[in-house]
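What follows is a single structure, written as structure tokens, with notes after it.
The values are calculated or read from the model by the stated rules, or taken from the named source; none is laboratory data. What you see is a predicted model, and the numbers here were worked out from it, not measured in a lab. We place every Cβ from the backbone using ideal geometry, glycine too, and count neighbours over all the protein chains shown. Side chains included, ligands, DNA and RNA excluded: accessible areas come from the protein's heavy atoms. Shrake-Rupley method; radii C 1.70, N 1.55, O 1.52, S 1.80 Å.
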2 protein chains.
Amino acid sequence: MGEGVEWALHSCLLLAWVGDGSSVPVAKLAAFHALPRAYLNKQLQALVRAGIVSSTPGVRGGFRLARDPARITLLDVVSAIEGPQAVFRCTEIRRRGAGAQAPDSDFRLPCAVASAMHRAERAWRRALAAETLADIMQAAERAGPSAPRAARTRLEQAQI
Amino acid sequence: MGEGVEWALHSCLLLAWVGDGSSVPVAKLAAFHALPRAYLNKQLQALVRAGIVSSTPGVRGGFRLARDPARITLLDVVSAIEGPQAVFRCTEIRRRGAGAQAPDSDFRLPCAVASAMHRAERAWRRALAAETLADIMQAAERAGPSAPRAARTRLEQAQI
């Protein structure tokens, strides 16, 4: 998994704490976490395409959450950044080499290896779908009740 | 996830069907699935280090399963090939940029983003640990009862 998921989740958390429909320029978001601006922008655009954040153009433009944090799951963000493909990619090696001689009827059912790997992966996706950005906000605020206020102050002060 | 996991799982399945303590040379395993021999050997060596297969040197040497298929889980194979690190790698970006100004006490507890991602990943690992090579053999044999015999015949005939 690329570091884009970490960047996207932390950006969403920050946008959730900014709240009230304010847009935050990518330069501010990048400065806040000391991330490369162009590459962060690429991740944010992926979140826009997935309907997780929305962007406003112009001088006072930027990014804000497109929906309630309780309706943004970890799976939404992971899928937006990493794409829809499975982590385990079956290349049907059972049909290669010696398998190329086997009759097609041998491959009527999905490969047992891929099926087992994908079953386990569905457990991961279900767990990702069960956690929301609102849950992360609550956990972070339990750990540090002043976290949202501190984040807003530091975001304002962040040097672009 | 690299393709090494798919190669390793199919190689283990084949070794399980060969059974009876026979060793299979890497050249045969590579020919069976039309895989590059040197790179497959690298994956097999990782399985040896993890105690999943054992290797016998010499002309009649090769690889065989080191333990019962019911005692080899998908997690064993994934961990052997991919290493022990988490799929989601937390780089503590909360401490970078604006976070560098925050007091250490703000970071006493683990990051809520990383905790949530790792919790979901544990669900995946639990599911991987719950499936064994014996389960995959059974599923493959339900789909094609002659699969083990056909695999052994094709392995014998595989041109090195």
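Of all residues in segment A:64-76, none satisfies being open to solvent by less than 40 Å² (accessible area, probe 1.4 Å), closer than 18 Å to B:GLY97 by Cβ and touching a helix residue (DSSP H, G or I) at 6+ places or on another chain (Cβ under 9 Å). Selection of segment B:101-140 for residues being part of a helix (DSSP H, G or I), at pLDDT below 90 and more than 8 Å from chain A (Cβ to nearest Cβ) yields B:ASP104, B:SER105, B:PHE107. Here B:LEU133 meets each of (1) within 18 Å of the chain's Cα centre (by Cα); (2) open to solvent by 20 Å² or more (accessible area, probe 1.4 Å); (3) touching a residue at least 40 places away in the same chain (Cβ under 8 Å) with one exception, condition (2). Take the conditions (1) within 13 Å of chain A (Cβ to nearest Cβ); (2) farther than 19 Å from B:TRP7 by Cα; B:LEU155 misses just one of them, which is (2).
State the number of residues belonging to segment A:102-113 that are open to solvent by 50 Å² or more (accessible area, probe 1.4 Å) and under 28 Å from B:ALA120 (Cα atoms). Give the derivation first.
Of the residues in segment A:102-113, the ones open to solvent by 50 Å² or more (accessible area, probe 1.4 Å) are A:103-106, A:108-110.
Of the ones still in play, those that are also under 28 Å from B:ALA120 (Cα atoms) are A:110.
The total comes to 1.
Taking the condition in contact with a Pro (Cβ under 9 Å, 6 or more places away or on another chain) and surrounded by 20 or more Cβ atoms within 10 Å (Cβ to Cβ), does B:LEU13 pass?
Taking the combined requirement at face value, the residue satisfies it.
Checking each residue in segment B:42-54 for being free of Cβ contacts under 8 Å to residues at least 40 places away in the same chain and crowded, with 18+ Cβ neighbours inside 10 Å picks out B:GLN43, B:LEU44, B:LEU47. Could you list all residues from segment B:141-150 that are more than 8 Å from chain A (Cβ to nearest Cβ) and either open to solvent by less than 50 Å² (accessible area, probe 1.4 Å) or in contact with a Lys or Arg (Cβ under 9 Å, 6 or more places away or on another chain) (or both)? Correct list: B:PRO148 only.
B:ILE52 falls short on exactly one of the conditions (1) within 30 Å of A:VAL26 (Cα to Cα); (2) more than 13 Å from chain A (Cβ to nearest Cβ), and that condition is (1).
Pairs linking a residue in segment A:143-158 that is farther than 15 Å from B:PHE107 by Cβ to a residue that is part of a loop (DSSP other than H, G, I, E, B) and open to solvent by less than 70 Å² (accessible area, probe 1.4 Å), with Cβ atoms under 9 Å and 6 or more positions apart or on different chains, are A:PRO148/A:GLY19; A:ARG152/A:GLY19. Any chance segment B:66-75 includes a residue that's at the interface with chain A (Cβ under 10 Å from one of its Cβ atoms) and in a helix (DSSP H, G or I)? Yes, some residue in segment B:66-75 is at the interface with chain A (Cβ under 10 Å from one of its Cβ atoms) and in a helix (DSSP H, G or I). Every condition in (1) at pLDDT 95 or above; (2) open to solvent by 50 Å² or more (accessible area, probe 1.4 Å); (3) among the aliphatic types (A, V, I, L, M) is met by B:VAL59 except one, and the failing one is (1). Among the residues of segment A:77-96, those identified as open to solvent by less than 50 Å² (accessible area, probe 1.4 Å), in a helix (DSSP H, G or I) and either away from chain B (no Cβ under 12 Å) or charged (D, E, K, R) (or both) are A:SER79, A:ALA80, A:ARG94. Against the test of being assigned to a helix (DSSP H, G or I), open to solvent by less than 20 Å² (accessible area, probe 1.4 Å), within 11 Å of another protein chain (Cβ to nearest Cβ) and more than 30 Å from B:ARG122 (Cβ to Cβ), the options B:ALA30, B:ALA8 yield a single qualifying residue, B:ALA30. In this structure, B:ALA116 does not satisfy being buried (at least 17 other Cβ atoms within 10 Å of the Cβ), of a type in the set (A, V, I, L, M, F, W, C) and in contact (Cβ under 8 Å) with a residue 24 or more places away in the chain.
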